[in-house]
Amino acid sequence: MNQLIEILKNKDSWIIIGSSFGGLMAVLYTCLYPSKIKHLILLAPYLAIPELDPKNFSNLPLNIPIIIYHARQDKIISMKKSRARAEQLFSNITYHIIEDDNHKLQSTVQRINWKELIQHI
């Protein structure tokens with residue numbers, strides 16, 4: 001987390017894409033420094049942990065736009081718990097429940113038109 005803070009400290013309007021634990025880091029950074037984030041794109045984010053308890057932050061819910069993709073059958077990260085935590089932290093969420101083979105969302109990542117998605121943000 002310290003490395004992420006150091007890397008992003010001198011710029012604003014970031015679009016952060018994070019998957020799994022990277023999604024956790026993206027959300028934690030956003031809760032700590034919301035003015036630096038323009039948009040989040042999260043893939044099966046790991047959010048249901050004590051460090052992201054809404055009681056730890058005074059500025060919630062944040063209105064930063066977030067797009068989340070999570071496989072219905074994810075056996076590593078609970079979609080239900082992760083989604084519930086996301087809804088406690090943010091008020092502007094587009095949540096995509098998808099049919100994908102596993103937690104890595106390999107087929108979903110390949111199907112997303114990343115250039116178009118980011119241009120429309």
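Applying the Karplus relation 6.51 cos²θ - 1.76 cosθ + 1.60 with θ = phi - 60° to the range 33-45 yields 3J(HN,Hα) values of 9, x, 5, 8, 10, 8, 6, 10, 10, 10, 10, 6, x Hz, where x marks Gly and Pro.
Annotation: amide H-H contacts under 5 Å for I37 (H modelled 1.01 Å from N, sequence separation of 5 or more, or interchain): S13, W14. The HN-Hα couplings worked out from phi for the range 3-10 by the Karplus form 6.51 cos²θ - 1.76 cosθ + 1.60 (θ = phi - 60°) are 5, 5, 4, 5, 5, 9, 5, 9 Hz, whole numbers, x standing for Gly and Pro. With a simple spin-label model that places each label point 7 Å from the Cα along the Cα-to-Cβ direction, the separation between Q3 and R72 comes to 3.7 nm. 3J(HN,Hα) couplings calculated from phi for the range 62-67 with the Karplus curve 6.51 cos²θ - 1.76 cosθ + 1.60 (θ = phi - 60°) are, in sequence order, 7, 9, 6, x, 9, 10 Hz; Gly and Pro show x.
Near L40, within a Cβ-to-Cβ distance under 15 Å, what is the net charge of the other residues, with Lys and Arg +1 and Asp and Glu -1?
The answer is +2.
Amide H contacts of F90 (H built 1.01 Å from N, in plane; Pro and chain starts excluded): L62 sit under 5 Å, all sequence-distant by 5 or more or on other chains. Here volume of the Cα convex hull per residue in Å³ was calculated from the structure, and among [x] 103; [y] 94; [z] 193 it sits at label [x].
Bridging of K115 to lysines at a Cα separation below 17 Å is possible for K38, once same-chain residues fewer than 8 apart are set aside.
Using a 10 Å cut-off around each Cβ, can you sort I118, I77 from fewest to most neighbouring Cβ atoms? So the ranking, lowest neighbour count to highest, is I118, I77.
Residue order for R111, R83, fewest other beta carbons within 10 angstrom first, comes to R111, R83. Secondary-structure-derived ellipticity at 222 nm for the chain, considering helices only, amounts to -9500 deg cm²/dmol, per-run term -39500 (n - 2.57) for DSSP H runs with n ≥ 4. Restricting the range 60-121 to GluC sites (Glu not before Pro) that sit in a DSSP loop and have at most 11 other Cβ atoms within 10 Å of their own Cβ leaves E99. Distant-in-sequence amide contacts of I17, defined by a placed amide H-H separation under 5 Å and a gap of 5 or more residues or a different chain, comprise I41.
Using R0 = 22 Å, the C-beta based FRET efficiency linking D101 and I49 works out to 0.30.
Since every read-out is calculated from the coordinates, none of them should be taken as a lab result. Just so it is clear, the structure is predicted and the values come from calculations on it, not from any experiment. No Cβ is skipped: glycine too gets one built from the backbone with ideal geometry, and neighbour counts run over all protein chains shown.
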